[in-house]
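Since the structure comes first, as structure tokens, the remarks are kept for the end.
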Amino acid sequence: MQNDALVKELAVCASAETLLAVMLKHHPDLSIPVAVEAIARSAGIVAIEDAEPEGAACAMTADLHKTRGTISCAPGMTAQRRRFAIAHQLGHFLLKAQRGDRRCTNRDLGESRRDTPHRKEEMQANRFAAGLLMPKPLFVPFVDGLGKPTVTHLPTIAAAYDVTLEVAASRYVDLTHATCALVFCKDGVVRFSRPSRSFPPLSIGTGDTVPPAVRAATPDDKIAWQETEVRDWIEMSRNVRAPKILMQILSKANGFQLVLLFVNAAAERRADEEAEKMATQSPKFGR
């Protein structure tokens, strides 16, 4: 049922973040997994249907002023992907600066770039969807309660929030304080990666062959931290001390692998301070 007070406040929001803040204000008792269809209906979506949008995975149609809308999702979507598609299209509906009806592809549902107007709008809708399905006030304490970072936390997060592993991973690196990166691989090739803000720029990208240690990992291997070759993952300058990168690999029988890369930021700061101290204390010999 539409919540008129909610709709009125949403109408003046200009960003995904302000939309989410208003959503949380009007839905203070959210629990996981979030009831995305009920929330969509409270915000002005009058129908959610399974229908094949021509050439798209999901679509949204609305009246001229975007006060009433309909969302459609392609039949055959997994429940988790369908939930994200609904949240994504709700984002398009609520972001008033985004004009017109929408037809979004699977690529759009994974967009994180903002280098073109189209990509920027899809990225904004994705940020809204992730924030709605995994609200920060619930997500952060949940993840903190799992303990120190480990790759096995990702399937736990995805199951609890009823989202795909990819969506859970993106939200994790967006909110974590850890210096880490998640790399998704299939049959020895990188599909995509998600680094946290503090992680060094990755030198490996979509379509690249994974390092030998990853190719050699099997589903039967015990998941444990192992030191990895820094230059397999990031570009290093000659005059910069290489950080120590630890790695965990979650391997599946279907050739899928999820790699967690981790840098102990506190230990790296101490090492940098020690190196600087040694450099200043080193004796200088004249000619």
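The values are calculated or read from the model by the stated rules, or taken from the named source; none is laboratory data. Note that the structure is predicted; figures quoted are calculated from it, not measured. Positions of Cβ are generated from backbone atoms using ideal geometry, with glycine treated the same way; all protein chains shown enter the neighbour counts.
Scoring Ser72 on the criteria (1) surrounded by 21 or more Cβ atoms within 10 Å (Cβ to Cβ); (2) in contact with a Leu (Cβ under 8 Å, 6 or more places away or on another chain) leaves a single failure, condition (2).
When you check Pro117 against the structure, is it outside the structural domain of Ala35 (by TED's automatic domain parsing) and not charged (D, E, K, R), yes or no? Taking the combined requirement at face value, the residue does not satisfy it. Taking the numbered list (1) surrounded by fewer than 14 Cβ atoms within 10 Å (Cβ to Cβ); (2) of a type outside the set (Val, Ile, Thr); (3) more than 16 Å from Pro211 (Cβ to Cβ) in turn, Glu268 passes all entries but (1). Annotation: of all residues in segment 113-132 being assigned to a helix (DSSP H, G or I) and charged (D, E, K, R), the one that is surrounded by the most Cβ atoms within 10 Å (Cβ to Cβ) is Glu122. The set of residues in segment 78-98 being surrounded by fewer than 22 Cβ atoms within 10 Å (Cβ to Cβ), out of contact with any Asp or Glu (no Cβ under 8 Å at 6 or more places or on another chain) and not basic (Lys, Arg) consists of Thr78, Ala97. You will find that of Ala47, Ala5, Ala14, the residue that is in a helix (DSSP H, G or I) and either more than 25 Å from Ala169 (Cβ to Cβ) or over 24 Å from the mean Cα position of the chain (by Cα) (or both) is Ala5 and no other.
Within segment 33-67, can you find the residues that are at pLDDT below 95, closer than 26 Å to Glu9 by Cα and not hydrophobic (A, V, I, L, M, F, W, C)? Answer for segment 33-67, where residues must be at pLDDT below 95, closer than 26 Å to Glu9 by Cα and not hydrophobic (A, V, I, L, M, F, W, C): Asp63, His65, Lys66, Thr67. Take segment 177-194 and flag every residue that is over 22 Å from Ala216 (Cβ atoms) and surrounded by fewer than 17 Cβ atoms within 10 Å (Cβ to Cβ). If the condition is that a residue be over 22 Å from Ala216 (Cβ atoms) and surrounded by fewer than 17 Cβ atoms within 10 Å (Cβ to Cβ), then His177 is the only one that fits. Restricting attention to segment 214-226, does a residue exist that is in contact (Cβ under 8 Å) with a residue 40 or more places away in the chain, touching a helix residue (DSSP H, G or I) at 6+ places or on another chain (Cβ under 6 Å) and surrounded by 12 or more Cβ atoms within 10 Å (Cβ to Cβ)? Checking segment 214-226: not a single residue is in contact (Cβ under 8 Å) with a residue 40 or more places away in the chain, touching a helix residue (DSSP H, G or I) at 6+ places or on another chain (Cβ under 6 Å) and surrounded by 12 or more Cβ atoms within 10 Å (Cβ to Cβ).
Is it the case, given these coordinates, that Val167 is in contact with a His (Cβ under 9 Å, 6 or more places away or on another chain), among the β-branched types (Val, Ile, Thr), more than 11 Å from Leu260 (Cβ to Cβ) and modelled with pLDDT of 95 or more? When the stated conditions are applied, Val167 does not pass them. One residue alone among Asp50, Asp108, Asp101, Asp4 is surrounded by 17 or more Cβ atoms within 10 Å (Cβ to Cβ) and among the acidic types (Asp, Glu), and that residue is Asp108. The condition (being at pLDDT below 95, of a type outside the set (D, E, K, R) and assigned to a strand (DSSP E or B)) is satisfied by just one residue among Phe285, Phe192: Phe192. State yes or no: is Met1 more than 19 Å from Leu133 (Cβ to Cβ) and in contact with a helix residue (DSSP H, G or I) (Cβ under 8 Å, 6 or more places away or on another chain)? In short, yes.
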